Every structure is written in C-alpha cells, then in structure tokens.
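Here's the structure, in structure tokens; my notes come after.
What follows draws every value from the coordinates through simple rules; no lab data is involved. Everything numeric here is computed off the predicted structure, so don't read it as measured data. As a convention, Cβ positions derive from the backbone with ideal geometry for all residues, glycine included, and neighbour counts pool all protein chains shown.
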There are 4 protein chains.
Amino acid sequence: MAKVDYIEDFQKWRSEFQYSIPVYIRFSETDMIGHMNNVSPFIYFEEARIKFLQSLGVFTGNVYEEGVPVVADLQCNYLKQSYFGETIDMYVKANNVGTTSIDFHYMAVNDKNEITLTGRGRLVFVDQESGKPVPLKEEIKRKLKNS
Amino acid sequence: MAKVDYIEDFQKWRSEFQYSIPVYIRFSETDMIGHMNNVSPFIYFEEARIKFLQSLGVFTGNVYEEGVPVVADLQCNYLKQSYFGETIDMYVKANNVGTTSIDFHYMAVNDKNEITLTGRGRLVFVDQESGKPVPLKEEIKRKLKNS
Amino acid sequence: MAKVDYIEDFQKWRSEFQYSIPVYIRFSETDMIGHMNNVSPFIYFEEARIKFLQSLGVFTGNVYEEGVPVVADLQCNYLKQSYFGETIDMYVKANNVGTTSIDFHYMAVNDKNEITLTGRGRLVFVDQESGKPVPLKEEIKRKLKNS
Amino acid sequence: MAKVDYIEDFQKWRSEFQYSIPVYIRFSETDMIGHMNNVSPFIYFEEARIKFLQSLGVFTGNVYEEGVPVVADLQCNYLKQSYFGETIDMYVKANNVGTTSIDFHYMAVNDKNEITLTGRGRLVFVDQESGKPVPLKEEIKRKLKNS
C-alpha cells in the first residue's frame, strides 16, 4: 500500500469509517481511455461530506449561528484507477474535531474491496461579516465525535 | 501567512516560480455569493501544468517512449477568496524531479499581489502495458530543472 | 404542458421511450438554493446516450469502420425544477435514424412521474481523415429502429 | 453554412451582435484528441449572458423586484470544431424581449473569423414565492432593445 502522510495505521484508519454513499462514475468524468479524471474525486468528497452532515442533522444552514463553512485545504491520493460506469463507495469521517474546524477524511472503495482513493481536508466555520472563525457548538462537536 | 506543510520558506518558494498563465474565474466556477468553488483550483493546476510542459517542449505525446502521465496525488491550500470575474496568475514549477516522477508546485496570485492558492502534486509516468513506472529521459529532467 | 417544437403528440412521444438510466443530482450540479443548474442536463443526456448504445451493442469503438461520432446540435427544455439529492430517470431513444446521423430524444422523469426535462440532438458519424459523413451500417440502423 | 432553424438570414443575424467576451478553451473542456466537448458551449453562453447583463447595468440581483431568472430552454448548433488552447469570441444579444422573458442568441467566432457555434435560449423571470412569471420592467426592456 502506498504511503500516505495523513494515515499512520491503514487498518485502524480504514476501520473507523462508518458512513458512505455510492458514487457512480460518469462518462464526462473520465478520459478517452475511460479512466476517472483527477478532478472528480474532489466533487465526490464534497458530495459525501454534505450527505454525511445531513445524516447527522448538523449544520442546518443557520449561517448566523453556525458560521459559513469554508474549505481550508484539500488533498487526494490516487491509489487505483477507476473507470467509466463503475460505482464506488465514498466514505467520509470527521477524523479530528477542533475548536473552529473539522478535519474530514475520505476513502473510496471499489467492488473488489480495493481502496482506490484516500483524501482529507479541513473545513473552517467563519462569521459572515467579520470573516473570523466561529467556535463549533458543543452539540455539533458531540455528534461528529460519535459518528 | 497560513502554514503549509510543503512550503518551508515562503519567500524562497515564491521566488522560484517563473512560469504562469492567466486564469479567468467563470460564473459556473463560483457559488451564489460569487466565491470560487473548491474544485476549480484543480482544473486551473492542470491547465497551468499542461501549458508549462508545452512551453518546455517536453512530453510530446509519445506515450510509448515517455510513458502515460498519471497523477499520484494532489493538494491545495485556500489562502484567500477569489471571486467571479477575477483573473488570477496561476504559477507552476517542477519543485522536485525524481527518477520516474515530478513534484509540481502551484501558486495563484491575484491582482493585489496576494497569494490566493498554493498547491502541489506528483505526476508519475507509467508504461501503458505493464503499469510500471518509466524512468524520465535525461533531456526532460534537464529541461525541467532549468525551467 | 409547455409547448416544445420537436414534440407533436406528448403522450405518443412519451410512450415510445423504453430505455432509461437513473441519474442522481449532485450538490455540485445545483446552485445555492438547491436547483439543478442548466448545464447538467447535457451531461445527463450524454450519459444516457452512451449507456443506451452500449446496451444495444452498437458503436464498439471501431472508428475506422463506424466513423467518429460528432454532436451536430443539442437542445433542452426545462419543464420542472429538480433539486440536490433527487434521482431522476433519464430516458433516451433514437427518434429518427438517417443515412449518416441519428436524432436522439431525451426525457427526464422525477419520482412523482412528472417530466422535468425534454431534449434532443443529432449525432453524425464522420470519417476521421476526411471529416466527411460515414453512412451508418445496416445492422446498426436496424438495432436502433427496433430499440 | 448549415441550416439552423432559429436563424433566417445569417448575414443579418450575425451583424446584429455587438457584445462579446473572449473565452479560452481549457484542457478540461476537451477530449483526448483536443476537441471541445459538447457541454462546454452552454457554460460559455451563461458566462457571456451574465457579463452582457452586467455591462447593461440591469438585473442588479434584486430578486424581489425583478424576479428570479429561470432558464426555459437552451440549444446549440456545432458548426466547426474548436480545440484546446484556442480563444473564441463569444457573442450574445437579446434577440427578442417579451413581457416576462428574453430570448438570447449566441454566436462563437474563432480567430479565422469562422462561426464555430450558434445558440439560443429563453430566460424567464419568476416570483420567488409563487413561481409565476414577473413582467420585465420598462427600463430593462429599453436597455436590452437598445443593446
């Protein structure tokens, strides 16, 4: 398995994912030889993250209380090719929950049970007016940690 | 300046970029409040990288000799918001040239001379049949190192 | 029902569709109030068309015999809003099969059995060298007409 | 010149365009042989339309007064191939201004002065609550007709 700097113990890291959505890889997301292009995973990460937060019932869109979510960074490691017409399971977890930010981790698994993608990225919540970080509410932190 | 783990000395890192292309931020690449979405930088990175390699006259598309380029990883740090209608300068450099791969670094600068994005990602060249890495030709390595 | 100039009798037109694929509407394909954006249908049309042709076993990728498929025109009518997280049935049929081109028609239906989108577009097959239209093989025409 | 059903007299139609923006065709918008894909024109149409309306100073975003703009239909005819790295001039005009809707027409011209794309599409303005069409203000109609 390729070394990925944000994963210490692959088995442990993998076992901590509980939430996933199926993602179908479209023709428009592949090149002429049918390989998934390298931009698509970031679209899939976003989709999984939003459905995950919806499933927890947090971030109800009250930007005045909760702040505006802003992506601080994103990264992706491409471990195996995926192809047009495949459906992958896109996993997401809150790997670390800070005072004003959440570090989400991502993992895609194909139908042979192979990990095709890993990723991570930090989401910060900021006040719409001042642009300053907004502390996460205790209830949100608790739900994310228990997810 | 935000700490970015792949940049040791920001001044030195910035000064080593020589090649850039202008990138206009489209309406379709922003959300309803006009912020650039978080997937777009990876499209801009790709565009800059391809134009950069074209400008050097390397990777002429001879995949039998040069191997098929495969993205191994990608990352982006979002330092400043960009907005619909802005044009940014998208810089790219070969930060490290290995035996079979190149580590490209990216930097976007807005018209106030602010760095809005930084990024990096490794490109590997593999044999189309075997999928094994193909060593970079000396001429290509030399051109990239002198760029 | 809105008047659409490429549909004479809506009931008849609708009844002639036999092939469809499910299409899930992603967050990245909607605006901030959750409406599907107006570019996405053309991605869905393409996806349905390619899966449809695959299902018939025609256009096996032999561009020397079959010509290169080129889109001559495309159009879409937006009848009902669709939203983030919805899955629609994307129908496609070969409405007319000519000597060198096919007129595909498209229809999207939501889970309330409402038609949300209609569309059409002509695909021409051209010789890779000369750019001239290539006549469709009889077998392909027959399969498309019986589909 | 290919026959396009929404254009009666090509010379006259072409001469009525006054507003255009340059559009650079990205690598991500082309296929492996460098042809622009068939979804991209609709992104370019949108970009040109928004910049055009901005240039006229209409539709200032006051959705309570002006209604929410909704795309009713869109179509595109592909007359000539465009390639990766090209810049085309994307023209737009208000071909017809109705009581509650505008019929925009589009034309792309390459650097050989060839028309590569033509298109059109109707934009309707609806009340955010009721979904009913909102009449266009006289000032907006006047500016569009004089553009």
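List of remarks:
- Per-region count, the stretch D:22-65, residues under 19 Å from A:ASP31 (Cβ atoms), among the polar types (S, T, N, Q) and out of contact with any Phe, Trp or Tyr (no Cβ under 8 Å at 6 or more places or on another chain): 3
- Residue check for A:GLY61: at positive phi, surrounded by fewer than 19 Cβ atoms within 10 Å (Cβ to Cβ) and touching a residue at least 40 places away in the same chain (Cβ under 8 Å): no
- If you go through the stretch B:89-126 and keep only what is in contact with a Gly (Cβ under 9 Å, 6 or more places away or on another chain) and not in a strand (DSSP E or B), you end up with just B:THR100.
- Filtering C:TYR78, C:TYR83 for residues that are aromatic (Phe, Trp, Tyr), buried (at least 18 other Cβ atoms within 10 Å of the Cβ) and within 24 Å of A:GLU47 (Cβ to Cβ) leaves a single hit, C:TYR78.
- Selection count where residues are surrounded by 18 or more Cβ atoms within 10 Å (Cβ to Cβ) and out of contact with any Asp or Glu (no Cβ under 6 Å at 6 or more places or on another chain), scope the stretch A:127-140: 2
- Exactly one residue out of B:LYS12, B:LYS3 is more than 14 Å from chain C (Cβ to nearest Cβ), in a helix (DSSP H, G or I) and not aliphatic (A, V, I, L, M), and it is B:LYS12.
- Checked against (1) within 14 Å of chain D (Cβ to nearest Cβ); (2) buried (at least 16 other Cβ atoms within 10 Å of the Cβ), A:PHE17 meets all criteria but (1).
- Qualifying positions in the stretch B:49-88 - hydrophobic (A, V, I, L, M, F, W, C), under 30 Å from A:LYS3 (Cβ atoms) and either out of contact with any Ser or Thr (no Cβ under 7 Å at 6 or more places or on another chain) or in a strand (DSSP E or B) (or both): B:ILE50, B:PHE52, B:LEU53, B:VAL58, B:PHE59, B:VAL63, B:VAL68, B:VAL70, B:VAL71, B:ALA72, B:LEU74, B:CYS76
- Lone unmet requirement of (1) touching a residue at least 40 places away in the same chain (Cβ under 8 Å); (2) over 22 Å from D:ARG122 (Cβ atoms); (3) within 14 Å of the chain's Cα centre (by Cα) for C:ILE50: (1)
- Within the stretch B:23-43, restricting attention to residues that are more than 8 Å from every other protein chain (Cβ to nearest Cβ) and assigned to a helix (DSSP H, G or I), the residue that is surrounded by the most Cβ atoms within 10 Å (Cβ to Cβ) is B:PRO41.
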